[in-house]
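Novice: Pasting a structure below so you can have a look.
The values are calculated or read from the model by the stated rules, or taken from the named source; none is laboratory data. Just so you know, these numbers come straight off a predicted model, no measurement behind them. A quick note on method: Cβ atoms are made from the backbone with ideal geometry, for glycine too, and the neighbour counts reach across all protein chains shown. These accessible areas exclude ligands, DNA and RNA; they are computed on the full protein's heavy atoms, side chains included. Shrake-Rupley method; radii C 1.70, N 1.55, O 1.52, S 1.80 Å.
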Amino acid sequence: MSNTEPLIETFYDAITNTTIQRELTKEEMALLPELEQNEE
Amino acid sequence: MAVKTFTTGEVLTSADTNTYLANAGLVYITGGIQTGTTALNVDSVFTSTYLNYRLVMTDCKTSITDRALRINFRTGGTTNTSSVHDYAYRGLRSTGVTGDTSSAAVSFAEIGIYIGTFADLELGAASIDIMSPQTSTRTFGVANAVGYESGAYQMRNGGFVYNGNQSFDGFRISLSNTGNIAFQWQLYGYRKA
């Protein structure tokens, strides 16, 4: 099952020590692993 | 190797403290509290300072039940989802029911936490050793995890591998399906010398 809805994820970078929450870009969503309905 | 035997009456200097007493063994790198979103992405944490790392997660909960926690690795702000991840865990619930899980050549690895019952409670934890993520070699992981599933706590022990030669500087923790994830986390580096 693919995720087609906008996703909000948390991003932390240790160099800048900043945390942001934002929607994934289309490019990022295309790289996500396939979601599963249930564990195997 | 940074070891010194101090003699009785020897003065402990700041230099000695900084060299021999600080940063011993597991060295704290960073950490935080994840809440309110579908995944945590962490960048710029795997460097050449350490070869191996430990990620400790606790107070883990999901907004929707029946979710396995996954890990992927990142390079330059991009998550790697190549179908070269293998993982396998032996699982046993406190009721005596087994709960093994495994997959080969998939786009993610699991870390052993599965929340099957009671969303929005603190029902999972894991300690994950991550070996050689920053070098352009295989990345291995060994995990011990606890999660609540089917009316009992389930303990899982096992590991994973990114079966390719790749250098990573970060990781991503996400769920096997939709929903938000929350946990506290700390990342340590194993001091080399």
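Novice: Give the cross-link partners of residue B:192 among the aspartates and glutamates, using a straight C-alpha distance below 19 Å as the criterion and excluding same-chain residues fewer than 8 apart.
Specialist: Cross-link targets: B:16, B:129, B:169.
Novice: Nearest 100 Å² is fine: what is the total accessible surface buried where chains A and B meet, probe 1.4 Å?
Specialist: Answer for the A-B pair: about 2100 Å² buried.
Novice: Right, here's the next one. Are there chymotrypsin sites (Phe, Trp or Tyr not before Pro) in the stretch B:1-56 that DSSP marks as loop and that have at most 10 other Cβ atoms within 10 Å, and which are they?
Specialist: Hits after loop and neighbour filter: B:6.
Novice: Report the local net charge at residue B:31: Lys and Arg +1, Asp and Glu -1, summed over other residues whose C-beta lies under 15 Å from its C-beta.
Specialist: Combined, the nearby Lys, Arg, Asp and Glu give -2.
Novice: Related question: What is the distance in Å between the Cα centres of the stretch B:44-75 and the stretch B:1-41?
Specialist: Rounded to whole Å, the Cα centres lie 21 Å apart.
Novice: Classify the stretch B:1-69 as rounded, prolate or oblate, taking a ≥ b ≥ c as the square roots of the eigenvalues of its Cα gyration tensor: rounded when a/c is under 1.5, otherwise prolate if a/b is larger than b/c and oblate if not.
Specialist: Prolate, because a/c is 1.5 or more and a/b exceeds b/c.
Novice: Taking the Cα centroid of the stretch B:137-193 and of the stretch B:88-112, what is the distance between the two, rounded to the nearest whole Å?
Specialist: One Cα centre to the other: 12 Å.
Novice: Follow-up question, since we're still on this one. Accessible area per residue of the protein assembly as shown at 1.4 Å probe, in Å²?
Specialist: Accessible area per residue, the protein assembly as shown: 47 Å².
Novice: From the square roots a ≥ b ≥ c of the eigenvalues of the alpha-carbon gyration tensor of chain B, which class results: rounded (a/c under 1.5), prolate (a/b over b/c), or oblate? Don't skip to the answer; put the middle values down first.
Specialist: Working: a/c = 2.08, a/b = 1.64, b/c = 1.27.
Cα axes put chain B in the prolate bin.
Novice: Let me ask you something else. Give me a comma-separated list of calculated 3J(HN,Hα) values for the stretch B:96-107, in order, Karplus coefficients 6.51, -1.76, 1.60 applied at θ = phi - 60°, integers in Hz, x for any Gly or Pro.
Specialist: My calculation for the stretch B:96-107 gives x, 7, 7, x, 6, 8, 6, 7, 10, 6, 10, 8 Hz in order.
Novice: Run the reach check for residue A:26 against aspartates and glutamates, Cα to Cα strictly under 14 Å, same-chain hits fewer than 8 apart removed. What comes back?
Specialist: Output for residue A:26: A:5, A:9.
Novice: Report in % the part of the accessible area of the stretch B:45-177 that belongs to carbon and sulfur, leaving out ligands and nucleic acids; probe 1.4 Å.
Specialist: Numbers: 2440 of 4850 Å².
Here carbon and sulfur together make up 50 percent of the probe-accessible area.
Novice: Another question about this same structure. So, counting K/R as plus one and D/E as minus one, what does the shell of residues with Cβ under 11 Å around residue B:183 add up to?
Specialist: That sum, taken over residues with Cβ under 11 Å, equals -1.
Novice: What average number of partner chain Cβ atoms lie no more than 10 Å from the Cβ of the residues making up A:15-28?
Specialist: 2
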